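Sharing a structure, written as structure tokens. Questions coming.
The values are calculated or read from the model by the stated rules, or taken from the named source; none is laboratory data. Because the structure is predicted, anything quoted here is derived from the model rather than measured. Please note: Cβ atoms are built from the backbone with ideal geometry, for glycine as well, and neighbour counts cover all protein chains shown. Note: areas computed on protein heavy atoms with side chains; ligands, DNA, RNA excluded. Shrake-Rupley method; radii C 1.70, N 1.55, O 1.52, S 1.80 Å.
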Amino acid sequence: MVEGEIAAGGRKVAIVAARFNDFIVASLLKGATSAWLERGGAAEDLLVARVPGAFELPVAARKLAAAGRYDAVVALGCVIRGGTPHFEYVAGECARGLQQAALESGVPVIFGVLTVDTVEQAIERAAVGAGNKGGEAMEAALEMAALLARLGT
Ligand code: INI
């Protein structure tokens, strides 16, 4: 069996985070940054880029992934269902675009975007500590970076 370990020492990672719903995304960003530092990452090896909303995450993630400087890209955002089909377009295109960026670049692009029905669900998933989806996204990024390195890609 081959697996990637969750360790940040010697790695470079980029986070791209949406500003929309920042009262939630700020907590995801905190969770991701804490996980990076807890796993031994150096502050100067973590880039944080901001975009207006989740819809803009893919183009920035694609650019960062293609740059060849990062072992993984973590996309953070929060899309909350409203009363119109807008949610489906923003969330769907965001997910599709992030996966496309990963497949085109061969660099892991992690989906740390909450897609929820209510603000309460978002707050639950962005709470400090275990279960913070930003922290989980960073851990997934580190695991995938190590796995791909091991697989020789
Ligand atoms: N962007 C989000 O990140 N979350 C949302 O819930 C959201 N809603 O609900 O509209 C949202 N919209 C903005 C969108 O991501 C773009 O920034 C905007 O459409 C400009 O392209």
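With the Cα gyration tensor of region 78-153 in hand, give its eigenvalues times 5 under a square root as the equivalent ellipsoid semi-axes, listed largest first in whole angstrom. Display every interim value, and only then the final one.
Numbers: eigenvalues 142, 66, 4 Å².
Listed largest to smallest, the semi-axes of region 78-153 are 27, 18, 5 Å.
Another question, then. Given the rule -39500 (n - 2.57) for each run of at least 4 DSSP H residues, summed and divided by the residues of the chain, what is its mean residue ellipticity at 222 nm, to the nearest 500 deg cm²/dmol? Write down the numbers at each step before the final one.
Numbers: 5 runs with 74 residues, N = 153.
Taking each H run of at least 4 residues, the total per residue is -16000 deg cm²/dmol.
List the residue ranges in the chain for DSSP H helices whose C-alpha atoms run 15 angstrom or more along the long axis and whose Kyte-Doolittle average is 0.0 or above. Present the calculation step by step, with values, prior to reporting the outcome.
Values: long enough: 22-38 (23 Å, 0.81); 86-105 (28 Å, -0.19); 133-151 (26 Å, 0.53).
Those that pass (Cα extent of 15 Å or more, hydropathy at least 0.0) are 22-38, 133-151.
So, with +1 on the Cβ of K and R and -1 on the Cβ of D and E, and no other charges, what is the size of the charge dipole of region 72-153 about its Cα centre, to the nearest 20 debye? Don't skip to the end; give the middle numbers.
Values: 5 positive and 9 negative charges, 27 e Å.
Value, rounded to 20: 140 debye.
Could you tell me which residue out of V107, P85, W36 lies farthest along the dipole of region 24-127 toward its positive end? Charges go on the beta carbon: Lys and Arg +1, Asp and Glu -1, centred on the Cα centre.
In region 24-127, that residue is V107.
Could you please put F55, F111 in sequence from largest to smallest accessible area, using a 1.4 Å probe?
Values: F55 115, F111 95 Å².
Correct descending sequence by accessible area is F55, F111.
Can you tell me the order of 143-149, 4-10 when each peptide is scored by its average per-residue count of other Cβ atoms within 10 angstrom, highest first?
Values: 143-149: 17.9, 4-10: 15.0.
The most tightly packed comes first, giving 143-149, 4-10.
Given contacts defined as C-alpha pairs under 8 Å and at least six residues apart, what's the relative contact order of the chain, whole-number percent? Show your work: numbers first, answer last.
On the way: 314 pairs, mean separation 52.3, N = 153.
Dividing the mean separation by the residue count of the chain yields 34 percent.
Rounded to the nearest 0.05, what FRET efficiency do R81 and V59 give with R0 = 35 Å and r taken as the Cβ-Cβ distance? Could you check?
Working: r = 23 Å, r/R0 = 0.67.
According to the calculation, E is roughly 0.90.
Moving on. How long, wide and thick is the chain, going by the Cα atoms along their three principal axes, in whole angstroms, largest first?
46, 32, 32
Turning to a different aspect of this structure: Please give me the summed charge of the neighbours of A26: other residues whose Cβ is under 15 Å from its Cβ, Lys and Arg +1, Asp and Glu -1.
Numbers: positive: R19, K30, R50, R125, K133; negative: D22.
So the environment of A26 carries a net charge of +4.
Next question. Might you report the magnitude of the Cβ-based charge dipole of the chain about its Cα centre, with Lys and Arg at +1 and Asp and Glu at -1, to the nearest 20 debye? Each step should come with its number before you reach the end.
Details: 14 positive and 17 negative charges, 74 e Å.
Dipole about the Cα centre, nearest 20: 360 debye.
Turning to a different aspect of this structure: Among residues other than R39 whose Cβ falls under 11 Å from its Cβ, what is the net charge (Lys/Arg +1, Asp/Glu -1)?
Numbers: positive: R11; negative: E5, E38, E139, E143.
For residues surrounding R39, the net value is -3.
Rounded to whole Å, give me the distance from the Cα center of region 22-78 to that of region 108-153.
Spelled out, the Cα-based centre of one part sits 10 Å from the other.
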